[in-house]
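Student: Take a look at this one; I'll ask things after.
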Amino acid sequence: MSASSPLTFVNIRLVTPGGVRPGALRTAEGRIAALGDVSPEAGDLVIDGKGALLVPGLVDFGVFAVDKPAFHFGGITRAALMPDQSPILDLPSRVSYIAKSGKPDLWVHPLAAATRGLGGSELGELALMKEAGARGVATGRRWIADSGVMLRLMQYAAMLDLVVVSHAEDGGLAGAAAATAGEMATRLGLPSAPAEAEALAVARDIALAEMSGARLHLRQVTTRAALDLVRSAKARGVAVTCGVTPAHFMLSDLALAGFRTFARLSPPLRSDAERLAVVEAIGDGTIDVIASGHDPRGPEDKRLPFSDAEPGMAGAETLLAMTLTLVRDGVIDLPRAFALLAATPARLLGVDAGQLAVGMEADLALVDPEKPWIVDSGQMAATAGNTPFDGQPTQGRVLALYKGGAEIG
């Protein structure tokens, strides 16, 4: 099937920004041509959704690896790739190569390295990297400690209208910590850092964003104190957004019991009180994005003593299902879920995708939100199965995925 083949989806439930409603949707020339009370035209391929949800393809904001099988399983049609690659995305040629990869069934949107080699001192060639295809600029897995460098970065990014994606964790406090300071870290004897390391970084970055007028996206905000800072900044009109991964609203640091290195994450898992604060922030609109943080790590990185293991989780395959738990629990509704998973990430990247609306790219997924399955690290499509949700029963599966109106096999 080519992207030029018109499709008409019938017998579906459309998840639009305005709500969920029965209807049909037609695509033509790779874009959404009509939706609602729509009839197939001559030559259309008609797809009977059999009552399934039709949703926008997920836009995964801030992955660390391009992992097509995992993305396809999880309903992801676009991914913003972090600059922490080998080699680091700090040159226009490297950005250009990544921007062209993955097509036609996956679009990868590179985030340019904020500083050369992600060293935190010398700014990268942001204008040239934007011309090469960068859709944002990111500090990588680390925080930029030098406030002067960070301010110059934001001023430069503001002129270029590039979103600045920051890892909000004060490196001076976090150091080489493997856990959040508290009872669990003490019991396990793990090197730890106070949760306040996040709030300190968030406060600094928000202040600099306010000074510079830059668009700031805090990739993960996982503590009540930091979320309160984001709420306050939004109320003042600061152009700040923030995200989180499912691990930080599904799990607390109790998951570290038994030194389970699949639960070794960055930022580390927090107390249950902090987890509940994240759920609250998703519900009240403080958190704007839910992303997978997809970072597949093999046994050579994970089968180690807990504090020596590399942080990261294979999250692409579980992103949709874990977010749907928030819908079943009444925290958010379906339109809000797909705003978090698709519409807002697409807006931050400046791409015509992420929602069911006429003129948008026909990146679509048919989803059965009730389909049960069990997460199995040994059977994952990802290049590594390092999921903290191993063995967990869940619900919600993608039945079919389409990129630009063409089905992904």
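The values are calculated or read from the model by the stated rules, or taken from the named source; none is laboratory data. Keep in mind it's a predicted model, so treat the numbers as computed, not measured. Every residue, glycine as well, gets a Cβ built from its backbone with ideal geometry; the counts of neighbours run over all protein chains shown.
Student: Suppose we filter region 21-35 for residues that are loosely packed, with under 14 Cβ neighbours inside 10 Å and touching a strand residue (DSSP E or B) at 6+ places or on another chain (Cβ under 8 Å); how many remain?
Tutor: So in region 21-35, the residues loosely packed, with under 14 Cβ neighbours inside 10 Å come out as 21-22, 29.
Now restrict to residues that are touching a strand residue (DSSP E or B) at 6+ places or on another chain (Cβ under 8 Å): 21-22.
Residues meeting the conditions: 2.
Student: Another one. How many residues does region 244-267 contain that are part of a loop (DSSP other than H, G, I, E, B), closer than 18 Å to HIS294 by Cα and hydroxyl-bearing (Ser, Thr, Tyr)?
Tutor: Number of matching residues: 2.
Student: While we're on this one: Scan region 350-366 and give yes if some residue there is in contact with a Lys or Arg (Cβ under 9 Å, 6 or more places away or on another chain), among the hydrophobic types (A, V, I, L, M, F, W, C) and farther than 18 Å from GLY23 by Cα, otherwise no.
Tutor: Checked against the condition, which is being in contact with a Lys or Arg (Cβ under 9 Å, 6 or more places away or on another chain), among the hydrophobic types (A, V, I, L, M, F, W, C) and farther than 18 Å from GLY23 by Cα, region 350-366 yields at least one hit.
Student: What pairs come out if I take residues in region 183-199 that are buried (at least 17 other Cβ atoms within 10 Å of the Cβ) and pair them with residues that are among the small types (Gly, Ala, Ser) and assigned to a strand (DSSP E or B) whose C-beta lies under 6 Å away, six or more apart or interchain?
Tutor: Within 6 Å, the pairs are ALA185/ALA179; ALA185/SER192; LEU190/ALA179; SER192/ALA179.
Student: Separate question: Tell me, please, whether a residue that is of a type in the set (D, E, K, R) and either part of a helix (DSSP H, G or I) or touching a His at 6+ places or on another chain (Cβ under 6 Å) (or both) can be found in region 210-218. Can you show your working first?
Tutor: Taking region 210-218 as the starting set, the residues that turn out to be of a type in the set (D, E, K, R) are 210, 215.
Next cut, either part of a helix (DSSP H, G or I) or touching a His at 6+ places or on another chain (Cβ under 6 Å) (or both) only: 210.
Yes, there is a match, as at least one residue in region 210-218 is of a type in the set (D, E, K, R) and either part of a helix (DSSP H, G or I) or touching a His at 6+ places or on another chain (Cβ under 6 Å) (or both).
Student: Hey, another quick one. Kindly list, by first and then second residue, each pair from a residue in region 131-153 that is of a type in the set (Asp, Glu) to a residue that is not in a loop (DSSP other than H, G, I, E, B), limited to pairs with Cβ atoms under 8 Å and residues at least 6 apart or on different chains.
Tutor: The qualifying pairs are GLU131/PRO92.
Student: What pairs can you find where one residue is in region 307-333 and modelled with pLDDT of 95 or more and β-branched (Val, Ile, Thr), the other is in a loop (DSSP other than H, G, I, E, B) and surrounded by 22 or more Cβ atoms within 10 Å (Cβ to Cβ), and their Cβ atoms are less than 7 Å apart, with a gap of 6+ or different chains?
Tutor: Note: pairs meeting the criteria are THR318/PRO246; THR318/THR387; THR318/PHE389; THR323/PRO246.
Student: On the given criteria, is SER101 surrounded by fewer than 18 Cβ atoms within 10 Å (Cβ to Cβ), of a type in the set (S, T, N, Q) and touching a residue at least 12 places away in the same chain (Cβ under 8 Å)?
Tutor: Details: surrounded by fewer than 18 Cβ atoms within 10 Å (Cβ to Cβ): yes; of a type in the set (S, T, N, Q): yes; touching a residue at least 12 places away in the same chain (Cβ under 8 Å): yes.
When the stated conditions are applied, SER101 passes them.
Student: Test ARG224 against the stated conditions and say whether it is more than 20 Å from THR387 (Cβ to Cβ), basic (Lys, Arg) and in contact with an Asp or Glu (Cβ under 8 Å, 6 or more places away or on another chain).
Tutor: Values: more than 20 Å from THR387 (Cβ to Cβ): yes; basic (Lys, Arg): yes; in contact with an Asp or Glu (Cβ under 8 Å, 6 or more places away or on another chain): yes.
Yes, satisfied.
Student: Inspect region 132-145 for any residue being in contact with a strand residue (DSSP E or B) (Cβ under 9 Å, 6 or more places away or on another chain), of a type outside the set (D, E, K, R) and more than 29 Å from ALA197 (Cβ to Cβ) and give the result as yes or no.
Tutor: Checked region 132-145: at least one residue is in contact with a strand residue (DSSP E or B) (Cβ under 9 Å, 6 or more places away or on another chain), of a type outside the set (D, E, K, R) and more than 29 Å from ALA197 (Cβ to Cβ).
Student: Can we say GLY283 is closer than 16 Å to THR344 by Cα, surrounded by fewer than 19 Cβ atoms within 10 Å (Cβ to Cβ) and not hydroxyl-bearing (Ser, Thr, Tyr)? Lay out the reasoning, then the answer.
Tutor: Numbers: closer than 16 Å to THR344 by Cα: yes; surrounded by fewer than 19 Cβ atoms within 10 Å (Cβ to Cβ): yes; not hydroxyl-bearing (Ser, Thr, Tyr): yes.
It is true that GLY283 is closer than 16 Å to THR344 by Cα, surrounded by fewer than 19 Cβ atoms within 10 Å (Cβ to Cβ) and not hydroxyl-bearing (Ser, Thr, Tyr).
Student: Go through (1) assigned to a helix (DSSP H, G or I); (2) surrounded by 20 or more Cβ atoms within 10 Å (Cβ to Cβ) and name the single condition THR241 misses.
Tutor: So THR241 meets the others, but not (1).
Student: Is it fair to say VAL351 is within 22 Å of ILE282 (Cβ to Cβ), under 20 Å from the mean Cα position of the chain (by Cα) and of a type in the set (A, V, I, L, M)? Give the steps one after another, and end with the answer.
Tutor: Working: within 22 Å of ILE282 (Cβ to Cβ): no; under 20 Å from the mean Cα position of the chain (by Cα): yes; of a type in the set (A, V, I, L, M): yes.
Answer is no for this residue.
Student: Right, next: Does region 75-95 contain at least one residue that is at pLDDT below 95 and among the charged types (D, E, K, R)?
Tutor: no
Student: I'd like to verify a number: residues in region 40-55 that are charged (D, E, K, R) and either surrounded by 14 or more Cβ atoms within 10 Å (Cβ to Cβ) or touching a residue at least 40 places away in the same chain (Cβ under 8 Å) (or both), how many? Reasoning before the result, please.
Tutor: Step one: of region 40-55, the residues charged (D, E, K, R) are 41, 44, 48, 50.
Among the residues that remain, those that are also either surrounded by 14 or more Cβ atoms within 10 Å (Cβ to Cβ) or touching a residue at least 40 places away in the same chain (Cβ under 8 Å) (or both) are: 44.
The total comes to 1.
Student: Okay, next question. Enumerate the pairs (first residue in region 107-124 and hydroxyl-bearing (Ser, Thr, Tyr); second residue anywhere and surrounded by 23 or more Cβ atoms within 10 Å (Cβ to Cβ)) with beta-carbon separation below 7 Å, excluding pairs fewer than 6 apart on the same chain, so at least 6 apart or on different chains.
Tutor: THR115/GLY124; THR115/ILE144; SER121/THR115
Student: While we're on this one: Among the residues of region 337-351 satisfying the criterion of being in contact (Cβ under 8 Å) with a residue 40 or more places away in the chain and not aliphatic (A, V, I, L, M), which is nearest to LEU319 (Cα to Cα)?
Tutor: My answer is PHE338.
Student: Here is a further query. Go through region 279-319 and give me each residue that's among the small types (Gly, Ala, Ser) and either under 19 Å from the mean Cα position of the chain (by Cα) or closer than 29 Å to VAL367 by Cα (or both). Break it down stepwise before answering.
Tutor: Narrowing region 279-319 to residues among the small types (Gly, Ala, Ser): 281, 283, 285, 291-293, 298, 307, 309, 312, 314-316.
Those that are among the small types (Gly, Ala, Ser) and either under 19 Å from the mean Cα position of the chain (by Cα) or closer than 29 Å to VAL367 by Cα (or both): ALA281, GLY283, GLY285, ALA291, SER292, GLY293, GLY312, ALA314, GLY315, ALA316.
Student: Quick one: in region 74-98, of everything that is under 19 Å from the mean Cα position of the chain (by Cα) and surrounded by fewer than 24 Cβ atoms within 10 Å (Cβ to Cβ), which residue is farthest from MET322 (Cα to Cα)?
Tutor: Out of the qualifying residues, it is ILE98.
Student: Here is a further query. Got a sec? Which helices (runs of 4 or more DSSP H) wholly within region 119-189 have at least 3 residues that are more than 19 Å from PRO92 (Cα to Cα)?
Tutor: Details: elements: 126-131, 147-160, 171-174, 183-188.
It comes to 147-160, 171-174, 183-188.
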